[in-house]
Amino acid sequence: MASDLGAQPRQKLSIRVASTLRAQLLAGELPPGRKLPTENQLSEQFGVSRTVVREAIATLAADGLVQSRQGAGVFVVNHPTAGLGMLAAEMGSRVSTALNVLEVRLGIEAESAALAALRRNPSQEAVIQEAFFEFERLLRLEQPTGPADFAFHRAIAEATNNPFYVEMLDALGKRTIPCDVTSPFATELVQSLDYQRGLQQEHHAILSAISAGDADAARAAMRAHLSRSQARYRLRLHERTAHYAMTTRDEQ
């Protein structure tokens, strides 16, 4: 196993380790309350570095499947049964799922914004603006902004006049906006008012570029918006890794 895994990039290795452990957890092979093998043991088992193991465990912790206890190690927490299959795995995921969704959205929505700048008609632009101002209204009332956020991005997709952009967002559904408190993929990192205000500033840059008919600026603004969201989630995952390293340091 060491030779098969060793040649791969570290990020890909941590994903594979996390996926293998997640499958064992959801299958009940590692029941709730069970202590995971030590960092050194997992490193030897998978033939990877301890850094890779830390990142994999941090992913599982972010997904709510394991919990680090200061000086005691990492323990399995209550999790869905294997009978729920793929749905259980999906609903258990938070930070890692958000990162995957944002990666897909980057590939779709940057070009969507550019096309909207070129193709939108007055009524479509008005719908984008309405969603923007609805987000602003909800923000002032300190209410969940997720529905308005999704409406904003969906209205941009509609303005491409290519129905497949809309279908892609509809397929993602609630996963599209993981920062909203009503999303099953929300995390504590991304629900503050300051975070929401930052999103709205980024939305304003996108809206302004589309209204100006500037495809390049719209593409760049959307890419910057989604890239910043990725960076925030990666920061959260790195914080989980650091927490895991600190809480397990004494047992090594």
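The values are calculated or read from the model by the stated rules, or taken from the named source; none is laboratory data. The structure displayed is predicted, hence computed values, not measured ones. Every residue, glycine as well, gets a Cβ built from its backbone with ideal geometry; the counts of neighbours run over all protein chains shown. Calculation scope for accessible area: heavy atoms of the full protein, side chains included, ligands and nucleic acids excluded. Shrake-Rupley method; radii C 1.70, N 1.55, O 1.52, S 1.80 Å.
Using the Cβ-Cβ distance between ARG197 and GLU134 with R0 set to 22 Å, the FRET efficiency works out to roughly 0.90. Neighbours of ARG137, meaning other residues whose beta-carbon lies under 14 angstrom from its beta-carbon, give a summed charge of -3 when Lys and Arg score +1 and Asp and Glu score -1. Amide H to amide H, with H built 1.01 Å from N, VAL66 comes under 5 Å of ALA61, VAL77, counting only residues 5 or more places away or on other chains.
Entry comment: accessible area of region 118-168 is 55 Å² per residue, from protein heavy atoms only and a probe of 1.4 Å. Per-peptide packing, taken as the mean over residues of other Cβ atoms within 10 Å, places 151-159, 52-60, 104-112 in the sequence 52-60, 151-159, 104-112 from highest down. Across region 138-150, computed HN-Hα scalar couplings (Karplus, 6.51 cos²θ - 1.76 cosθ + 1.60, θ = phi - 60°) run 5, 5, 5, 7, 6, 10, x, 9, x, x, 5, 4, 4 Hz from first to last residue, x flagging Gly and Pro. Ranked by the mean number of other Cβ atoms within 10 Å of their residues, highest first, the peptides 21-34, 202-215 come out as 202-215, 21-34.
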